[in-house]
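Notes follow once the structure below has been shown.
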Amino acid sequence: MDLKQIMGHVIDTLYQGLTGGSAELPLPTNVNLNWLMPGLPFHESAFDFAIAGPYAGPTPLTLDYFKELVAANMGEGVNKAQAIESAKLMYQQNLLGTWEQWSRLVDFIPYPVPTPATSAWRSTPASGKYKHVSVVYGQSNRTLSQVYKDTLDRCEVADDELTAEQKKIVEQMRSLLEENVEVEDFLTGEKKIEPRESRAMIMYKEKRSAYENAVVDYASRLAGANSGSAADLIEWQRSGGIYRRRAIEALNDWVARGYKNDVERAQATLSHILGSSMVVWKQKLSDIISEIENNTTGMYGYAFHPAGVLPGGFARSQGWSTFAENKLESRSSSSSSSSSWGARAGLNLGLFSIGGSGGGSTSEYTSEFRQETFEMSFQYTSVEIMRPAFNPSFFLSRGWRPKQDFITDYGTTQHSDGKNPPSGALIGYPTKALFVRDLKIKSDELATFLHSQQSTLNAGGTIGYGPFVLGGNYQQANKEQQSNLDINGASIHVKGLQLVCFMSALFPFTASPSPDVKKWI
């Protein structure tokens, strides 16, 4: 049995779930995939901060989890009211901690040509009074937020004055895209004003995501009908029109209730007006960064650039797609394992990875499995990465250029040369994340192999195959001692969620200042 072929077939399914296409077809030149080798395990509570906000209390989705915290605080000399107050503090600290961890995790610049080595991650326990696990994901040697800040601090912008009418239009368009919101710190009660995406912009992204998911669902089922079983073909013949209609209805809903035309017109208008006069725009973006660094402090005293996910409740939602196949040993991959695509995407599907605890070294292991029954099932979904303080439109405009000190420090005159693969100081940024949960495998030999590595797992290590983590601990501070692996005979159950891939948007040739600019400041 060729495990590489089996994993290639599974990767094709995940590829469709993230892109809506087949791995046989090349990605557009402005898109890049970064697979994790292996996946990064999370408990579903790691994303509770995104349901009602990182400063919120328990919600209907998280009430059972909050009850567990209350029960854990009950004890001799502690009444229920005291236990509830202690649970509130624990709940809030967990929200803030997981929000910070996710924000730091996605604060990276993708590699132009991913490799298994650059797609790895490790957990690093910090010493000191507070035990904390920092997840380190392979980055292009710098963070997205730092390059963004350095760009704003060390660039020149066009200084053509806007007319009074242009200024009025700019303010109108911005008011549609963002708003200032008063928020209250859960712990101190301090109130402050923070810039947030407007309700129209949030609705725009939610409806866009719903439309994209409907299109992906339609495309995946079409691909399954073309290359799947007779049952898949019959299902498509009977219901293909329903999925197509759902995609059309989702687009209509995006237009009608997601402010699609309004938001895109506002974005186009801002790009047009500010393309040659950007002093005010740059200052506002810099002010947002300053507010974040002064007001957004993490659990351990350091500022971080906030990031969220849409939809916020995805981790506790039931609306995930399902992969379930028996007799996978008879399957062969049509793309990932039989062409060079897998290697180009940074995937090594032929080896197990065994990582030590606390960021220790990783070794690779090859196992030849005999012909046997191999079954696999899991659920998967993709989410949008939301960064309220990051504005990629700035880089696409033609009214800015880097100063000499930026060029000297970063060793390049370009943020991106626009080539394939690109190079530069900031070639792109992650926009989507692909998650898998409830991974189940039935295989006698794989179960035996995992049993043989039990000492590694007990010591806090991880075992991965391809983009899946087969055994390890949840990577968040409040769950770090809990294993996600359960083996019963030949049945292997990897509990919880695991992050397996990022999709990134790549910038075209930038900076590309307009030759019509007469004055730079």
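Quick notes
- PHE449 meets each of the listed conditions (1) farther than 19 Å from THR19 by Cβ; (2) aromatic (Phe, Trp, Tyr); (3) modelled with pLDDT of 90 or more apart from (3).
- Boolean, GLU184 is within 19 Å of ALA50 (Cα to Cα) and exposed (fewer than 15 other Cβ atoms within 10 Å of the Cβ): yes
- Scan of region 176-217 for residues that are in contact (Cβ under 8 Å) with a residue 40 or more places away in the chain, in a helix (DSSP H, G or I) and either among the acidic types (Asp, Glu) or within 22 Å of ARG245 (Cβ to Cβ) (or both), ordered by number: GLU206, LYS207, ARG208, SER209, ALA210, TYR211, GLU212, ASN213, VAL215, VAL216, ASP217
- If you filter region 325-354 down to residues that are modelled with pLDDT of 70 or more and over 16 Å from LEU14 (Cβ atoms), you find that the one that is most open to solvent (accessible area, probe 1.4 Å) is LYS327.
- Any hit, region 316-324, residues being modelled with pLDDT under 65 and over 23 Å from MET37 (Cα atoms): no
- Exactly one residue out of SER220, SER198, SER227 is of a type in the set (Ser, Thr, Tyr) and either under 30 Å from GLY97 (Cβ atoms) or modelled with pLDDT of 85 or more (or both): that is SER198.
- Residue match in region 431-441 (condition: in contact with a helix residue (DSSP H, G or I) (Cβ under 7 Å, 6 or more places away or on another chain), open to solvent by 10 Å² or more (accessible area, probe 1.4 Å), within 30 Å of ILE6 (Cα to Cα) and in contact (Cβ under 8 Å) with a residue 40 or more places away in the chain): yes
- Condition check for SER382: open to solvent by less than 30 Å² (accessible area, probe 1.4 Å), polar (S, T, N, Q), part of a strand (DSSP E or B) and modelled with pLDDT under 90: no
- Residue count for region 140-164, restricted to those that are part of a loop (DSSP other than H, G, I, E, B) and of a type outside the set (Lys, Arg): 7
- Residue count for region 222-247 satisfying the condition of being under 16 Å from GLY319 (Cβ atoms) and in contact with a Gly (Cβ under 9 Å, 6 or more places away or on another chain): 0.
- A single member of ARG238, ARG257, ARG246 is free of Cβ contacts under 8 Å to residues at least 24 places away in the same chain and open to solvent by 50 Å² or more (accessible area, probe 1.4 Å), and it is ARG238.
- Any hit, region 400-416, residues being open to solvent by 20 Å² or more (accessible area, probe 1.4 Å) and closer than 15 Å to LEU506 by Cβ: yes
Yes or no, residue by residue, for (1) surrounded by 17 or more Cβ atoms within 10 Å (Cβ to Cβ); (2) more than 15 Å from the chain's Cα centre (by Cα):
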| site | (1), (2) |
| --- | --- |
| HIS9 | yes, yes |
| GLN16 | yes, yes |
| LEU40 | yes, no |
| GLU44 | yes, no |
| ALA56 | no, yes |
| LYS67 | no, yes |
| ALA72 | no, yes |
| GLY75 | no, yes |
| LYS80 | no, yes |
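- Number of the condition not met by THR118 [criteria: (1) open to solvent by 20 Å² or more (accessible area, probe 1.4 Å); (2) at pLDDT below 85; (3) in contact with a helix residue (DSSP H, G or I) (Cβ under 8 Å, 6 or more places away or on another chain)]: (3)
- The single condition among (1) modelled with pLDDT of 85 or more; (2) touching a Ser or Thr at 6+ places or on another chain (Cβ under 6 Å) that ILE248 does not satisfy is (2).
- You will find that of ILE289, ILE273, the residue that is at pLDDT 85 or above, among the β-branched types (Val, Ile, Thr) and open to solvent by less than 70 Å² (accessible area, probe 1.4 Å) is ILE289 and no other.
- Residue check, ALA164 open to solvent by 60 Å² or more (accessible area, probe 1.4 Å) and either in contact with a Phe, Trp or Tyr (Cβ under 7 Å, 6 or more places away or on another chain) or small (Gly, Ala, Ser) (or both): yes
- Answer residue from region 490-521, given it is aromatic (Phe, Trp, Tyr) and assigned to a strand (DSSP E or B) and is farthest from SER397 (Cα to Cα) among those: PHE502
- Filtered residue count, region 292-315, keeping only those that are among the aromatic types (Phe, Trp, Tyr) and either at pLDDT 85 or above or not in a loop (DSSP other than H, G, I, E, B) (or both): 2
The values are calculated or read from the model by the stated rules, or taken from the named source; none is laboratory data. All of these numbers come straight from a predicted model, not from anything done at the bench. Note that each Cβ is placed from the backbone with ideal geometry, even for glycine, and that neighbours are counted across all protein chains shown. When the accessible area is computed, the model is the full protein with side chains, heavy atoms only, and any ligands, DNA or RNA have been set aside. Shrake-Rupley method; radii C 1.70, N 1.55, O 1.52, S 1.80 Å.
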